[in-house]
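To start, the structure under review is shown below, and the notes come after it.
The values are calculated or read from the model by the stated rules, or taken from the named source; none is laboratory data. Because the structure is predicted, anything quoted here is derived from the model rather than measured. Cβ placement follows ideal geometry from the backbone for every residue including glycine, while neighbour counts extend to all protein chains displayed.
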Amino acid sequence: MKGIYSRQKLNPKIIRFMGFKEISPHFWMHKDIFTHSQEFILGRNGWQHCIFIRGDSNEDLFRSITEYISGKKDSLSTLKGRWLIVIYGESPAQDHQTEIVLISDRLGSHRIYYTYDHGLLTWSTHLSELLKIKRECDQRPRLDSSAMTAYLHFLHQPASKSLLEGVFILPPGSMLTFSEGRLVVNQFWTPKCDPLITSEKEAVSHIKNLFIIFFDNFPGLMNDMEPFSFHSFETLERMFHMFCIRW
């Protein structure tokens, strides 16, 4: 899935070359990439919305989206499944306001890259496609040195960063809202869980049990660990180092 929003008129050759479908004079989506779409649903205060979904779709999903565009913002927190949602909204003609919302599921099943530069918002589920769009719009992205350094050290980029300057990744369980020239990313869902371990004593006991289970399967390794006892994190850390060397 990929799309463009621009307040300026784009070259028709770009639209044809990238295979876009015009949804409004300023908003284009790629043809036939989404698995479900509904156009121009009446929302709050006379706004009209177009909904595009890639991935799983069901009644609960549509109900939550309908509640969201009707003004119930917390309805997204109940959404489950593997999907990517794009919502485009237009105010009544006299206001000339627009809003674009990109929503990633809890796991980020469909990674989406986005960039906003000089009034041009572009997004795609494939970085290569986003680069094609930027090249056609005479934009030349550069490598992000800090993100590259983090990747080479940890094989991972900082949250929301890609390896290119100005190109970002929408985090899982998050939504991007673009309205009136402002781009905001909010997290609509966070995992909730009660801690199973609440003290150092419990933690040591838990790790001890894990070691015992492991050594039951590899009895030869236990000979190297006999001088140590399971009383503190310090001894567990020494055991772990010995295990790594022996392994």
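Listing for the model above:
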| item | result |
| --- | --- |
| Residue pairs meeting the criteria (Cβ under 6 Å; at least 6 apart or on separate chains; first on the phi > 0 side of the Ramachandran plot, in region 150-165; second not aliphatic (A, V, I, L, M) and not in a loop (DSSP other than H, G, I, E, B)) | S160/F168 |
| Condition check for I112: under 24 Å from I69 (Cα atoms) and out of contact with any Gly (no Cβ under 9 Å at 6 or more places or on another chain) | yes |
| Matching residues in region 65-86 - criterion: being more than 18 Å from G108 (Cβ to Cβ) and surrounded by 14 or more Cβ atoms within 10 Å (Cβ to Cβ) | I65, T66, E67, Y68, I69, S70, S75 |
| Flag if T78 is closer than 21 Å to N186 by Cα, hydroxyl-bearing (S, T, Y), at pLDDT 80 or above and under 18 Å from the mean Cα position of the chain (by Cα) | yes |
| Looking only at region 116-154, and only at residues there that are over 24 Å from R54 (Cβ atoms) and hydrophobic (A, V, I, L, M, F, W, C), the one that is modelled with the lowest pLDDT | F154 |
| Verdict on L121 being surrounded by 13 or more Cβ atoms within 10 Å (Cβ to Cβ), assigned by TED's automatic domain parsing to the domain that holds R140 and assigned to a helix (DSSP H, G or I) | no |
